[in-house]
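What follows is calculated from the coordinates using simple rules that are stated; it is not laboratory data. Because the structure is a prediction, the values reported are computed rather than measured. For neighbour counting, all protein chains shown are included, and Cβ atoms are generated from backbone atoms with ideal geometry for every residue, glycine included.
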Amino acid sequence: MITLDWLRKKLAPLVKTKEADKAGIVFFHTGLQVSRFTNSQIHQHMADEERIIYFRILLDGRIGIASTNSIDEQNLKEAFKKALSIARLKLEAKEKKDIPSFRPLKVSSAFWFPQTAHTQAPARIRRLRRIFSDGNSHKLTFSGNLYNGLTELGVISPEGRVNYHTHSFAGIKLIASQGESSGYAHQAGYSMESLNTKEITNIAIEKCLRGQGKVRLKAARYDVILEPAAVAELIAWLNYIGFGAKSVFEETGFLYKRSGKRVSGEPVSIYDYGSDANTFVLPFDFEGRARKKAYLIKKGIAGEPLCDSNYAKLLKLKPNGHANFPDDIEGPLGYNLVMEGGNASLDEMICSARQAILITRFHYINGFLDTRRALMTGMTRDGTFLVEDGKIKSAVFDMRFTESCLEAFRRIKYISKERKLIADHLETLGSVYAPGLYIKGFNFTS
Amino acid sequence: MNKQLLRAMLNKLKSKGAEYADIRSVKTGHENISVFNHAVENISFHIDEGYGIRVLYNGAWGFSCGSDFSEKEIEKNIKLAIGIARSSSSLNKTKSVYPAYPAVHAVHSSSYQINPFEVSQEAKLHYLFYTNEILLKPPKIKFAQSTLDFYHTEKLFLNSEGSEIEQSFIESGGYCEAVACAGSLVEKRSYPTSRHSQIRQAGYEYVQELDFHAHAPRVRDEAIMLLSAPDAPCGQTTIILDGYQTAMQVHESCGHPAELDRVLGSELSYAGGSFLTLEKAGRFRYGSKAVNITADSTLAGGVGSFAYDDEGVKAQAVALVKNGIFSDYLTSRETAAAIGKTSNGTMRADSYNHIPLIRMTNINLEPGKPSLGELIADTKEGLFLATNKSWSIDDLRLNFQFGSEIAWQIKNGKLGRAYKNPLYYSTTPYFWNNCSGVANKDSWYIWGIPTCGKGEPAQSMHVGHGTAPARFEKIMVGVKK
C-alpha cells in the first residue's frame, strides 16, 4: 500500500520539471484477495494487485502519456522520460490540450477499514464453510466468489498538489445451483463485517429452490419487476453509451441535443456523485477535480453529460469532475451512479401484478444496437419467475429482451423505496445504487 | 528478472511441501496511438512487469503475485501463495489432480519483419492523420477515428518439474472508423474491425498490409450511404456473414462453449457455463458437415499462437468440430485429466498478476470449397451482413443475437441495396446445423481480437480466429419494435 506521504515525497517532486510546460501524475492501485469457488469447492484462490502510475507531460499544447506498474525509482524516471519524448513529437496538427489544476480536497477516512483491506484467506474460508454447509442441507451447490481488498487513487497537479483517497471493500456473489435451476444473490460493502452472508445465502437458496419446474413463455411484451441488480445493469449500459460527454460530442449518445428535454418517464432521476456514500466513493476524478453531483436525468428530463476539462471545453460546458483514466479513449464516465428511489416495496410490486415477470438480474447486455435510442439486448439469468395475481407462480426459462431502455423507463409503474449498492470489484471500479422497478410492456424477443 | 533467483525460489516452494509450483515472469509493453478527426486523441506507452506464483499444496491451489523482484518480496509472496493454498485445502473435499508432465527447455520468438517499436511515432501519426483526412473529406462525415496498437510481451516460465521456457511476442494492428450524421441519424462504418484493433503476431509490416488509406474511401462512402438506407427487414431468411462477423460468431458460440473449465463450472459466477456438456464429446451434432473448427496455437500470425502455454504444454492444432460433430474441448492439465485426456495446451494469463485460464488460441472455421462469389451467386434471396456491431449470448452459449454495421440484400445471386441496423438471432446448434457453406481459402483471414473477457478478476486476452464468410439458412433477422 502507498501512503499520501509517499506520493508527496517520491512522486510529487517529479512534476516540477523545467523540461515541460506542465506535468501531472495519476496513481491508481487495487489490492485484492479472492476466493473463487464452484460446486462448493474453491478452484481459484488468489492475491492479486493492479497498480499503475501515469505521467502526463504537456508541451506546447500536446500531451504525452506514459505509465508503469513499477514504483522503482529508475522505472519511474524512465516512464517520465517516455511521456516527455511523446510530448515532444512534432505533429502536423496544432494541439491545445492542458493539464488542469485543482484544489486539494478533504477526504474522509470513513471508508477505510484496514482489517477488511488485509483480510486473509482463513477468514474467508470460515464464512464459506458455513455457506457450503447451508447448501449441503438443501442438496444444492454454490458457485461464486468472496473477496476483499483496497483501492487507492492519487492525483498530483502540475503545482505539486496532491489529492489522495483510499477505501477498503468486500463483496460476495453466490449462485446456488440444483439441476437446471440457479439462484443469484450478492452484496458489497466497505467492510467484511457489513456483509450479511447468512442473508445472502438464504436469498440464493430460496431463488434456486423456487427455480424448479420452469415454464417456457413465448416471446412477447410482458410487465417486468426488475430487482436492483437488473436495474443497475441497464444503468451501467446507459452510462457506457450515453452519460459521458464523448457520446454527446460524437453525436452518438441519447443526451445529444436533448439537454432540458424529456428523454424518459417523470419518475426517473439518475445522477453521478463521487461522494455519495451509498456507492463506492471516489471523491475526485483522474484529473484530481471533485466529482460533482451531476444529474443525467432529472424527473425524466435530460441533464448535461459527464465532462472532464477537455470535453467541457469542446462542448462549452462546465467540467463536473468526471475525467477517466488518462489513456482511456472512452472519455468521461460515471463511477458513482445513483437512481433515486420511489415509494413502493418490491413485495408491493409483486402483489400488484396481474401478470409480470420477476427478474433477478440480466446477463450479457449489449447496448450498441442503436445508441441514440439506448436500444439494448440481453438475457435474464439466475432467477426469473412468472408472477400472476400478485404471487410468484412458477420459474421461467431465461428469455432475451430487445428494448430501448429510455422508452422502457417511460413505462415505469413503480420504483421501489429500497435501493441496493451493486458493485463488482472483480470486474469494474464503478458502482450503482439502484432501486427495483416495475415496467409495463417490456419487449422480449426470443 | 533474475532467472537464478526465481529458480531458487521454486526450490524453496518444493522444500515447503508444494506438490507443484510455477513462476511466470512477464513484461509487457503496449503502445496506443489514436487520432480523432484532426487531433491526437491518445499517445500512450505502458509497461507492466512482474511475476505470478502458482502453488499446488495438499491438493489445492494458491496464487500470489508481485512486481518487486527482490528476494525478500518474492519470499513474502511465496508464503502468501502457500498460505492461500493451505486454506483452500482445509475446505475442499476433493483434491485437485495435476498430472506430471515432462520438463521442457525452450526459447521462442514470434516472427516479424519491421519492429513496430522502432518505427517513429511521427510516422505512425502521419499514417493516422492521413487516414482521417481521407475519411473526413465529405462534409457528411463528421467524425473519424483511427488507431494503432502495438504489444511486446516477454515471458519466462519456470516450474517445479524443471521446465524453463522463454517466449517473446510482437503484435501489431489497428482500425479506423467514419461516422456520418444527418439530423437524427448517425451511421458508422469501420475497417477492418469495429471498436477494437485488428491485431496479428507481426510487425509494422502488418499495419502497412492493412492499408487504411486504400480502404478509407469505401468506409466513408458506405457510412454516408447508410444514412439513406432503409432498416434491415424482419423475418426468416438466408444470411451470409462476412469473415469478421463469422469470427465473432465462432468466438461466442464455438470458442467459449468449448472451454473445458467453463463446462466444468469454473465460470458459473461470471459469464456462465456451456451447453457442450461432457456426454456430447465425440457424438453431438454441433453443425452441418460444412462445419470444421480447429483450435490451432501453431498458426503463424495468429495472436493465439505460442510455442508453449502458461503451464508449459506445447502448442497444438486440435479439431473441435469435425464434419459437424463436436469432437474435443480446449483443455488444461487439470481439466484434461478430469476427462481422462492430456492437455491440448490452452492455458494463458493476460498478465503477470493473473492466474492462467483456459483461453481460446486461434479458433478457426476451416475454409470450404466455393468462393465467396459462388456462395453469393448460389443464394436466391437473403442478406449479406458485414462488420460486427453488437453481440450478446446467454449463459450456456445457446441463445444469441448479433448485429452488424451494414447488410446488403441478396437477390437471385447478386448483391443489391444496403440496409442499416441488421440483426440476426438464433440458437447455437440450430444455427451451425443450418450452415450451408463456408467460403474457400481465398477469403479466409486471420482475425485478432484483443479484448476477450474471462475470469474473476476479469482478464482480457488476445485470441485469434481464422474464418471465411459463411452462409446460414432459415435464420431469423430483425426484431419487431
Here FRET efficiency (C-beta to C-beta, residue B:79 to residue A:202, R₀ 45 Å, nearest 0.05) is 0.80
Mean 1/r over distinct Cα pairs of segment A:4-208, inverted to a Kirkwood Rh in Å, yields 19.7 Å
In order over segment B:100-111: 3J(HN,Hα) from phi, Karplus 6.51/-1.76/1.60, θ = phi - 60°, whole Hz, x for each Gly or Pro, gives 6, 10, x, 5, 10, 10, 7, 10, 9, 10, 6, 8
Once the in-chain neighbours fewer than 8 apart are removed, the aspartates and glutamates whose Cα is under 12 Å from residue A:90 read A:60, B:122
Taking a straight Cα-to-Cα line shorter than 16 Å from residue B:140, and setting aside same-chain lysines fewer than 8 residues away, one finds B:188
Which residues qualify? For residue B:436, with a placed amide H closer than 5 Å and at least 5 residues away or on another chain, they are B:471, B:472, B:473
Sorted by chain and number, the residues with a modelled amide H under 5 Å from that of residue B:459, at a separation of 5 or more or across chains, are B:454
Long-range amide H partners of residue B:174, meaning residues 5 or more apart or on another chain whose placed amide H is closer than 5 Å, are B:149, B:198
Here, residue B:42 and residue A:299, labelled 7 Å along Cα→Cβ, have an inter-label distance in nm of 3.9 nm
Yeah, segment A:1-48 with a ≥ b ≥ c from its alpha-carbon gyration tensor (a/c under 1.5 is rounded, else prolate when a/b outruns b/c, oblate otherwise) is prolate
Using the Cα gyration tensor of segment B:3-227, the equivalent ellipsoid's semi-axes, largest first and to the nearest Å, work out to 48, 19, 15
The exposure ranking of B:460, B:332, B:269, B:163, fewest beta-carbon neighbours within 10 Å first, is B:460, B:163, B:269, B:332
Applied in sequence order to segment B:165-175, the curve 6.51 cos²θ - 1.76 cosθ + 1.60 (Karplus, θ = phi - 60°) yields integer Hz couplings, x standing for Gly and Pro, of 10, 10, 9, 9, 10, 10, 10, 9, x, x, 7
Excluding residues fewer than 8 positions from residue B:369 in its own chain, the aspartates and glutamates with Cα under 14 Å of it are B:378, B:442
In this structure, among A:16/A:96; A:420/B:454; B:289/B:322; A:313/B:389, pairs with alpha-carbon gaps over 19 Å are A:16/A:96; A:420/B:454; A:313/B:389
Contact order relative to length for chain B, counting C-alpha pairs under 8 Å separated by 6 or more residues, stands in percent at 15 percent
Which of A:198/B:14; B:16/B:155; A:97/B:124; B:142/B:414; B:414/B:441 exceed 27 Å between C-alpha atoms? The answer is A:198/B:14; B:142/B:414
For A:120-131, B:257-268, A:192-203, A:330-341, ranked highest to lowest by mean beta-carbon neighbours within 10 Å, the order is B:257-268, A:330-341, A:120-131, A:192-203
Honestly the protein assembly as shown on the Cα gyration tensor test (a ≥ b ≥ c root eigenvalues; a/c under 1.5 rounded, otherwise a/b vs b/c for prolate or oblate) is just rounded
Rounded to the nearest 10 degrees, the helix A:73-87 long axis (Cα) sits at an angle to the longest Cα principal axis of chain A of 80 degrees
For chain A, using Cα atoms only, the Rg and Dmax in Å read 23.3, 73
Among A:214/A:393; B:3/B:95; A:9/A:77, the pairs whose Cα-Cα distance exceeds 22 Å are B:3/B:95
Computed ³J(HN,Hα) along segment B:190-198: with the Karplus parameters 6.51/-1.76/1.60, θ = phi - 60°, integer Hz and x for glycine or proline, the list is 10, 8, x, 10, 10, 6, 7, 5, 8
